[in-house]
Amino acid sequence: MLQNFFILCSGADSSILKTCSEGEQNKYAGIGATVFFTAVMAFIASAYALYTVFDNVYTAIFFGLIWGLLIFNLDRFIVSTIKKTGSFGSELLQASPRILLAVIIAVVISKPLEMKIFEKEINQVLLEQKNELTLANKEQLALQYTPQVEKLNGDIAALKAEIASKEAETNDLYDTYISEAEGRAGTMLLGKGPVYAEKRQKHDASLAELAQLKETNAQKIAGIESQITALNIEYAEVVKNSQPIIDGFDGLMARINALGELPWFPSFFIFLLFLAIETSPIIAKLLAPKGEYDLKLEDEETAIKTWVTQKVRERQKILVTDTELNEKIYGEIAEEEAVYAYKKQKAEELMRLQADAFHDMQVKRL
């Protein structure tokens, strides 16, 4: 039963193969087994690849099964359409497009399994890429907020500088009226005279202005600092919302690109392994000598071809003969006077009837 299943997988004609030797049946069962297990590998590889895309086991299995059946059908078609002619060069030329197709299929099959085999190394590469993307994302988003924050910080610095300038002015006025009282400047008279009172009044007025300026600027600074805090919170929120996109940067294309950054040598040998698996049915068919099954299949196909060719030629001969007979018969009829006279009489009668009908129609219209 298992042998019959593998023979079915090989695409061979089971009715012809049953009449062949046991060795011939085993040969095609081996080819069919290779086709079947290649399809199984294709199913596993595609299911894993699709799982990285959809992140759903059932979806991956469903589409992986479809892909495996597609590969199975292609391989079965490729093997079954290679005909043994006895000439290796002719057979190789016949199989060259199929070998190219097998190479493409091997690439498609090998990549997902390579990603699974080198999963840890790929995860490390993806982690480094995610870290780089996180830093780049923060820097890019910061470009939108940094100018505003710097401008607000500049406004705070200007307000503080205004307070410092007023403090320096008030301190100078304080030193002035103290010096006047001590007799070290101004009138050079010791004591609190009218000049001292005037300078003290200026200092007190400046001190009140300083207190008012501090209160006003403190409110302005608090408002600006609240704006800076709001911008920082908004920036942190934007970074937080964009981070899941970076964390999800592990899809099929990202993994393929990460695989490309790893050393090519191990991946190349895995590709060669799958190429050998995929082309093995074709290679086996090419290397196998022309056997009993091939001879019987050729006999059956050429018998049908000869029968069809014979039928076509017979129909052509019948057509040529029938044409010649018709021409001869109608030629002889044309030469008979009685037939000519009879046909002339009937034509004259027909013309008279047509003339009478035309006359009657004109009379009715008048």
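The values are calculated or read from the model by the stated rules, or taken from the named source; none is laboratory data. Just so it is clear, the model here is predicted, and its values are computed rather than measured. Every residue, glycine as well, gets a Cβ built from its backbone with ideal geometry; the counts of neighbours run over all protein chains shown.
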- Item | Neighbours by Cβ (under 8 Å, 6+ apart or cross-chain): first from the range 56-70, over 17 Å from Gly251 (Cβ atoms) and modelled with pLDDT of 85 or more; second of a type in the set (Asp, Glu) and in a helix (DSSP H, G or I) | none
- Message: Exactly one of these conditions fails for Val103: (1) farther than 16 Å from Thr38 by Cβ; (2) touching a residue at least 60 places away in the same chain (Cβ under 8 Å); (3) assigned by TED's automatic domain parsing to the domain that holds Ala39. Give me its number.
- Response: (1)
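Would you be able to tell me the number of residues in the range 281-323 that are small (Gly, Ala, Ser) and more than 13 Å from Lys27 (Cβ to Cβ)? Give the derivation first.
So in the range 281-323, the residues small (Gly, Ala, Ser) come out as 284, 288, 291, 303.
Among the residues that remain, those that are also more than 13 Å from Lys27 (Cβ to Cβ) are: 303.
Summing the residues that are small (Gly, Ala, Ser) and more than 13 Å from Lys27 (Cβ to Cβ) in the range 281-323 gives 1.
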- Please work out which residue is farthest from Ile277 (Cα to Cα), limiting yourself to the range 1-31 and to residues that are free of Cβ contacts under 8 Å to residues at least 40 places away in the same chain and crowded, with 18+ Cβ neighbours inside 10 Å. Gln25
- Note on the structure: Screening Ala222, Ala258 for residues that are part of a helix (DSSP H, G or I), closer than 30 Å to Leu173 by Cα, among the hydrophobic types (A, V, I, L, M, F, W, C) and modelled with pLDDT of 80 or more leaves only Ala222
